[in-house]
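The values are calculated or read from the model by the stated rules, or taken from the named source; none is laboratory data. On a predicted model such as this, the values are computed, not experimentally measured, just so you know. All Cβ positions, even for glycine, are placed from backbone atoms using ideal geometry, and neighbour counts span all protein chains on display. The accessibility values were calculated without ligands, DNA or RNA, using every heavy atom of the protein model including side chains. Shrake-Rupley method; radii C 1.70, N 1.55, O 1.52, S 1.80 Å.
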Amino acid sequence: MTEVLARASGVTRRYGDVVAVDELSLEIPAGQMLGLLGPNGAGKSTLINMFVGLRKPSAGSVELFGHNPRDVRARRRMGMTPQETGMPETLQAGEVIEFVASHYPNPIGRKELLEQFHLEEVEKRQTGGLSGGEKRRLAIALAFVGRPDLVFLDEPTTGLDVEVRRALWDGVKAYNAAGGTAVITSHYLEEIEELAERVVIIDSGKLVADDSVASLRRVSGLRKVTVRTPEVPTLPGVVGVEQDGDRVSLITPDSDQLVRDLVASGVAFSELEVRPGSLEDAFLAYTAKAPTTASSV
């Protein structure tokens with residue numbers, strides 16, 4: 001059987017009256033690339049923080065490599081890039097790498113890590129003088145210093161340009177191909193489609209979907225009906241709406257019935273197009289969010 005590296009069992013985390021994670025159970029097996037999606041405030045970062053020992057559950061239990069996540073035996077096998085990373089501004093990037101590496105028994109060498117994440121040019125520069133993208137790349141690299149068996153990457157490539165983002169994707173894929181396990185949250189759904197084999201969607205702290213990318217694309221047989229129209233029609237059977245100017249896309253499990261209802265509604269439209277749903281459409285359906293939050297996950 002595949003080893004389970006991390007496990008949450010009936011986990012709840014409260015902040016006062018706010019329930020950030022609500023009786024959620026999840027297992028992370030070895031070798032898997034898991035994408036974690038959810039609207040802003042859904043509880044993704046809180047869940048990750050419990051897995052890595054930065055937060056304690058209010059109820060339920062969390063294990064990391066069979067130990068309490070705060071146990072040093074577990075933490076040495078794990079790497080993390082949080083949403084926000086603070087670094088000593090007067091230290092050079094290479095010095096930061098050496099400091100983090102000193103906490104692990106068999107770290108990756110400084111030169112190797114710099115080359116792996118294309119950071120050679122910043123090695124001698126103080127972190128306070130790095131651009132936002134350079135700091136983010138360094139933060140991602142630090143997650144891999146200790147040769148971890150499992151990494152948690154919380155929105156790792158936010159703010160990076162497409163070329164750099166794709167280069168980092170290649171690095172994460174190489175890590176996985178060598179047997180590494182990763183949990184990734186992202187604002188970019190194409191990033192999850194590119195990297196993850198399994199996708200977990202949480203909403204309001206609850207797990208609402210757990211399946212492969214391909215299966216989620218097919219969820220409920222969703223279809224996208226796109227038309228050009230001056231108004232957004234209100235029709236039965238619509239589980240999500242996207243709008244770009246006068247281009248309106250209606251996500252539905254029954255495109256044939258929706259088109260019939262659209263014609264019968266009397267709403268003026270043109271340029272009708274029907275195509276299969278995407279991971280984004282599945283995300284909209286599971287979280288029932290408005291279009292403005294569709295990519296804020």
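Work through the residues other than G66 whose Cβ is under 15 Å from its Cβ and net out their charges, Lys, Arg +1 and Asp, Glu -1.
Values: positive: R7, R70, R73, R75, R76, R77; negative: E3, E27, E63, D71, D149.
That sum, taken over residues with Cβ under 15 Å, equals +1.
At 7 Å along Cα-to-Cβ for each site, give me the label-to-label distance between L272 and E121 in nm.
Here the answer is 5.3 nm between the modelled labels.
If I take R0 = 30 Å and measure r between the Cβ atoms of T85 and R247 in this structure, what FRET efficiency does the formula 1/(1 + (r/R0)^6) give, to the nearest 0.05?
Values: r = 38 Å, r/R0 = 1.28.
Plugging the Cβ-Cβ distance into 1/(1 + (r/R0)^6) gives 0.20.
How do the peptides 145-154, 16-25 rank, highest first, by the average count of neighbouring beta carbon atoms within 10 Å per residue?
Working: 145-154: 21.5, 16-25: 15.1.
Taking the mean over residues of other Cβ atoms within 10 Å, the ranking is 145-154, 16-25.
Any chance you could count the Lys pairs in the chain whose alpha carbons are under 24 Å apart, treating pairs 8 or more apart or on different chains as valid?
Close lysine pairs found across the chain: 13.
Hey, what angle do you get for helix 255-265 against the long axis of the chain, alpha-carbon based, 0 to 90 degrees rounded to 10?
It works out to around 50 degrees.
With only alpha-carbon atoms in the gyration tensor, what are the semi-axes of the equivalent ellipsoid for region 57-159, in Å, largest first? Each step should come with its number before you reach the end.
Numbers: eigenvalues 133, 49, 26 Å².
Largest first, region 57-159 gives 26, 16, 11 Å.
Just to confirm a number: summing +1 for Lys and Arg and -1 for Asp and Glu over residues other than P148 whose beta-carbon lies under 9 angstrom from that of P148, what do you get? Walk me through the numbers before you get to the answer.
Numbers: positive: R76, R77, R147; negative: D149.
Once all neighbours under 9 Å are counted, the net charge is +2.
Modelling each spin label as a point 7 Å along the Cα-to-Cβ direction, I'd like the A177/K111 distance in nm, to one decimal.
2.4
Report Rg (one decimal) and Dmax (nearest whole number) for the chain, counting Cα atoms only, units Å.
For the chain, the Cα radius of gyration and maximum Cα-Cα distance read 21.5, 70 Å.
Between the alpha-carbon centers of region 1-69 and region 76-122, tell me the distance in whole angstrom.
The distance from the Cα centre of region 1-69 to that of region 76-122 comes to 25 Å.
Hey, what number do you get for the chain at 222 nm if only DSSP H runs of n ≥ 4 count, each worth -39500 (n - 2.57), divided across all residues, to the nearest 500? Could you put the intermediate results ahead of the total?
Numbers: 10 runs with 87 residues, N = 297.
-8000 deg cm²/dmol, from helical runs alone.
Per 5 Å bin, what percent of the C-alpha pairs of region 1-110 does each bin hold, from zero upward?
Distribution as computed: 2, 10, 18, 20, 19, 14, 10, 6, 1, 0 percent.
Which residue, chosen from I184, F144, N40, occupies the Cα position most advanced towards the positive end of the dipole of the chain, where the dipole is computed from +1 (Lys, Arg) and -1 (Asp, Glu) charges on Cβ about the Cα centre?
Positive-most Cα among the choices belongs to F144.
If S58, S45 are ordered by their accessible area, calculated over protein heavy atoms with a 1.4 Å probe, which sequence runs from highest to lowest?
Details: S58 60, S45 30 Å².
Sorted by accessible area, descending: S58, S45.
At what distance in angstrom do the alpha carbon centres of region 147-209 and region 226-256 lie from each other?
30
Taking the Cα atoms only, what angle lies between the long axis of helix 132-142 and the longest principal axis of the chain, rounded to 10 degrees?
The angle comes out at about 60 degrees.
With each label point set 7 Å from Cα along the Cα-Cβ vector, what nm distance links N40 and F99?
So the label points at N40 and F99 sit 3.1 nm apart.
Within region 39-75, which residues have the backbone N less than 11 Å from the label spot 7 Å out from E3 along Cα→beta-carbon, could you tell me?
Flagged as within label range: 65-66.
A30 label point, 7 Å along Cα→Cβ, cut-off 13 Å on backbone N: hits in region 176-209?
Under cut-off, by backbone N: 179-181.
Working from the alpha-carbon coordinates of region 247-290, get Rg over Rh, Rh being the Kirkwood radius.
Details: Rg = 11.6 Å, Rh = 11.8 Å.
For region 247-290, the value is 0.98.
Apply the Karplus parameterisation 6.51 cos²θ - 1.76 cosθ + 1.60, with θ equal to phi minus 60°, to every residue of region 174-182 and state each ³J(HN,Hα) to the nearest whole Hz, in sequence, with x for glycine and proline.
5, 4, 5, 4, 7, x, x, 10, 9
Please pull out the direction-averaged projected area of region 206-270, using the convex hull of its alpha-carbon atoms, in nm² to one decimal place.
Numbers: hull surface 21.1 nm².
Average projection, Cα convex hull of region 206-270: 5.3 nm².
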